[in-house]
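One structure below.
Coordinate-derived values only; no laboratory data. Computed from a prediction, not measured in an experiment: that's the story for all the values here. A quick note on method: Cβ atoms are made from the backbone with ideal geometry, for glycine too, and the neighbour counts reach across all protein chains shown.
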């Protein structure tokens, strides 16, 4: 029953709705007592051998009225209780989604997509059952069970009631014992479902890679193994769950047997009428649901409790990137200016003893372009991640217009930055919506202008519905170069103070790269640009180029200065020039 306490915040919030629903539910239970009583009266009159048409009509009319009342009352309690359950589902799903939007990079490194989807779907549905089916089962079984027992005592015989209901305590004890087992096994079942959900999501998303490498059969075998494991875990849930119904059936059968034997003897001894025995047997029919409901209720509550614990555990996680030190009074004009890095040391949270950046110091004035080059793992992306505030724990300081970026509200900071990674994400909508994603009110002319600057407009005009062409999931219908250029167009529409291209031109040819860089140079004369790349032609016009190795700056200067230094940059420039000539 602890799940009702956990959800007390919601029941207090929806107190009026549930009070109305429960009232109609109680009325439904009371009206359900009428038909058995009418049947008993009819049986007694028939046993005496006489019943008038007026008496018969009155009894039938009473049953019809009871049926109409049951129809009305059931409509109103369903509307209130099921409506409340739907509202809880809405609130939990919304709360989880907002939480996902607030969490940072480290959260998504700890949790896989499929697991998060399972929390937001399967777990929420299990909790919703508590606010709907759980409330119904608890109230209905208690009210119907108690009111039926009272009716048995008043309208039939108290001795027969006590004797017939002796098996009930055994049902309560059995439900209590099995409840803890069910909670533990269902918690494991939900975790297994999360793993299976994640496997499905990964396999479907990576289907092109799986097929390309001929791993379809191997992946299917791995999936089948996971399904088998999930089934084995779920068998434990079914094992404990399946013990409720047989126990209820056994005890109900025992109740009927006691009633027929003991009640029959009472009829023979004339201490009970035939009609009363008929009514009592009908009342036992009313008791079938409450007895079965005990097992059903524990199933719902334990499933809901396990799922709610999983949701609460997820919601309890806090983002590591917060605005605790930020100044809420800052405006966009306050954070437009020079970018200064002074990083003594930085290590990722999962490997705190392995610094990936050492002594990174440079100043980039407004309107200048910074080039970051070096081998894979040299630290280029780490420098960018710190500017995006994906990590805040480092020894040093990054300032924008003289302000430590950790003092700038995250939302305000990110509005000043447009980021284009190597592998950007495109949504399953048309090209126009993808380009205007960061500026939903962008005019068509702005979208076309951005597409032209990223050398994508001509490609779009050759597509079936030009800017209304659907790109498919994550741009599956586009080439790698088209995806990158669409991501650049999206960034340009935003018109941010800082533009970051993180190896964002790797999939385009040299001619296209040159056209895009030329547009950027003209477009962003008064704005800051950061380009991380392996292709040195992308940064040859940069105001400052940093050559990184093992997280440190080993060379710095302009393109001409670095060529004159005859270091790594000059050697790599010669190699890439030679490769280009050979390619031609």
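Looking at region 398-453, what % of the alpha carbon pairs are farther apart than 15 Å?
So the pairs more than 15 Å apart make up 62 percent of the total in region 398-453.
Tell me whether region 217-278 comes out rounded, prolate or oblate; compute the Cα gyration tensor, take square roots of the eigenvalues as a ≥ b ≥ c, and use a/c under 1.5 as the rounded threshold.
prolate
Along the three principal axes, how long is region 2-315 when you take its alpha carbons, biggest first, rounded to the nearest angstrom?
The Cα atoms of region 2-315 stretch 86, 39, 33 Å along the principal axes, largest first.
Please give, to one decimal in nm, the separation of the simple spin-label points placed at residue 242 and residue 9, each 7 Å out from Cα toward the Cβ.
Label at residue 242, label at residue 9, 3.9 nm between them.
Could you give the length gained by full extension between residue 342 and residue 312, i.e. 0.36 nm per residue of separation minus their alpha carbon distance, to one decimal place?
6.9 nm
Helix 510-523: angle to the longest alpha-carbon principal axis of the chain, degrees 0 to 90, nearest 10?
90
Normalise the Cα radius of gyration of the chain by 2.2 N^0.38 Å (N = residues in it) and let me know the number.
1.44
How far is the Cα center of region 369-388 from the Cα center of region 499-541, in Å?
Cα centroid of region 369-388 versus Cα centroid of region 499-541: 14 Å apart.
Quote the FRET efficiency, to the nearest 0.05, computed for residue 365 versus residue 511 with a Förster distance R0 of 25 Å and r equal to the Cβ-Cβ distance.
Computed FRET efficiency for residue 365 and residue 511 comes out at 0.25.
Given an 8 Å cut-off on Cα distances and at least 6 residues of separation, report the relative contact order of region 424-495 as a percent.
Relative contact order for region 424-495 comes out at 53 percent.
Using a Förster distance of 30 Å, how high is the FRET efficiency between residue 465 and residue 101, based on the Cβ-Cβ distance and rounded to 0.05?
That gives a FRET efficiency of 0.45.
Stretched out fully, how many nm does the piece from residue 407 to residue 60 gain, at 0.36 nm a residue minus the Cα gap?
Contour length minus the Cα-Cα distance gives 117.1 nm.
What is the angle, in °, between the Cα long axis of helix 135-151 and the longest principal axis of the Cα atoms in the chain? Nearest 10 is fine, range 0 to 90.
10
Please report 144, 486, 101 as a ranked list, fewest other C-beta atoms within 10 angstrom at the top and most at the bottom.
101, 144, 486
State, as an integer percentage, the relative contact order of region 275-416 based on alpha-carbon contacts under 8 Å between residues 6 or more apart.
About 29 percent, as a whole number.
As a check on your grasp of the helix formula, calculate [θ] at 222 nm for the chain: sum -39500 (n - 2.57) over DSSP H runs of n ≥ 4, divide by the residue count, round to the nearest 500.
The helix contribution divided over the chain gives -20000 deg cm²/dmol.
So for the chain, averaging the separation of alpha carbon pairs under 8 Å that are six or more residues apart and normalising by length, what relative contact order in percent results?
Computed over the chain, the figure is 14 percent.
Classify region 404-547 from the C-alpha gyration tensor, please: rounded if a/c falls under 1.5, else prolate or oblate depending on whether a/b exceeds b/c.
The shape class here is oblate.
Dividing the convex hull volume of the alpha carbon atoms of region 424-495 by its residue count, what do you get in Å³ per residue?
In region 424-495, the Cα hull volume divided by residue count equals 72 Å³.
Compute the length gained on full extension between residue 563 and residue 227: take 0.36 nm times their separation in residues and subtract their Cα-Cα distance, giving the result in nm to one decimal.
Between residue 563 and residue 227, full extension yields an extra 115.1 nm.
Kindly identify region 44-156 as rounded, prolate or oblate by the Cα gyration tensor criterion: order the square roots of the eigenvalues as a ≥ b ≥ c, call it rounded if a/c is under 1.5, otherwise compare a/b with b/c, prolate if a/b is larger, else oblate.
Taking the square roots of the gyration eigenvalues as a ≥ b ≥ c, region 44-156 is prolate.
Simple spin-label model, 7 Å along Cα-to-Cβ: residue 329 to residue 79 in nm?
5.3
For region 490-584, report the % of Cα-Cα distances exceeding 17 Å.
Cα-Cα pairs in region 490-584 separated by more than 17 Å: 54 percent.
Rounding to the nearest 10 and keeping the result within 0 to 90°, find how far the Cα-based axis of helix 53-102 lies from the longest principal axis of the chain.
20
In nm, to one decimal, how far is the modelled label at residue 235 from the one at residue 87, with both set 7 Å along Cα→Cβ?
Modelled inter-label distance: 4.4 nm.
Counting other beta carbons within 10 Å of each residue's own, what order do 112, 524 fall into, fewest first?
By the 10 Å Cβ count, ascending: 112, 524.
Among 18, 283, 75, rank each residue by its count of other Cβ atoms within 10 Å, from fewest to most, as a rough exposure measure.
Going from sparsest to densest Cβ surroundings: 75, 18, 283.
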